[in-house]
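Each value in this text was obtained by applying a stated rule to the coordinates, not by laboratory testing. Source: prediction; values computed, not measured. All Cβ positions, even for glycine, are placed from backbone atoms using ideal geometry, and neighbour counts span all protein chains on display.
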Amino acid sequence: MGKVVSRVAYTVISEFKSFNIEQRAHKIVSQDKPKVAPKFKANLADLERVMKEHPEIIEETSKKNKELDDRLKSIFVKSSHEVDQKRNLNPERPLPTNKEFVGYFELGYKESDFITPGKVTLKQIIQFLGDYQLHPDEWTVERIALEYKLSLEDAADMVEYYKLFALQLPKSDEKNKRKLLKSEAHYDTRNFNEMLKKVKYLPEKDKNETNS
């Protein structure tokens, strides 16, 4: 009941406020002199005191000072040199010169155009680990080190201690095998048929333990 009463009251008040609003607005706009905001009692008391003590102030503020007005008209500002819009760049601290939107990237960030010898990017690591996993005879540690300018020791450590995602499925689950592999191939550069050959199957005892 309270909600109904409040809604009715709100509707009535809104209609009353908007009643003849256009005519009232024109009436206020067409006034010759707008209404001055009311002053506080303390301000009125200060104004009366100043008018009694210094009546010449009111007279001076209401008159136009011809001398000051002439001085203001005779002032001109001239510039004799062009403003250099480019800031002097500090060569010891170079700032980015291209601030355009660069779009979205595969791994969520922009990789450097210049890669220091002995270092690799995340995309390169994923690539050569996938190549090594699919073609270990072709992509040996020596070839990876030569191709990506790595030391033989670093390349061997990466191949040994870093692994890509390995998909393991029960051997009898042929129905969902290709669907899962296709979803993985969407995010990987490796060939789908090669992935199909390299898929690992869980032993039957592991499958039974999983179902239980």
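Between Glu153 and Met51, the contour length at 0.36 nm per residue exceeds the alpha carbon distance by 27.3 nm. Under the simplified labelling scheme, the Ile115-Leu44 pair shows an inter-label distance of 8.3 nm, with each label point 7 Å from Cα along Cα→Cβ. Under 5 Å from the amide H of Val120 lies no amide H of any residue 5 or more positions distant or on a separate chain, with H modelled from the backbone and absent for Pro and chain starts.
Distance between the pseudo-spin-label points of Ile58 and Asn20 (7 Å out from Cα toward the beta carbon): 3.8 nm.
Using a cut-off of 32 Å between Cα atoms, the listed pairs Lys33/Lys66; Lys39/Lys64; Lys27/Lys66; Lys39/Lys73; Lys78/Lys99; Lys52/Lys73 include Lys27/Lys66; Lys39/Lys73; Lys78/Lys99; Lys52/Lys73 as exceeding that distance.
Modelled spin-label separation between Glu138 and Leu68, with each label point placed 7 Å from Cα along the Cα-to-Cβ direction: 8.9 nm.
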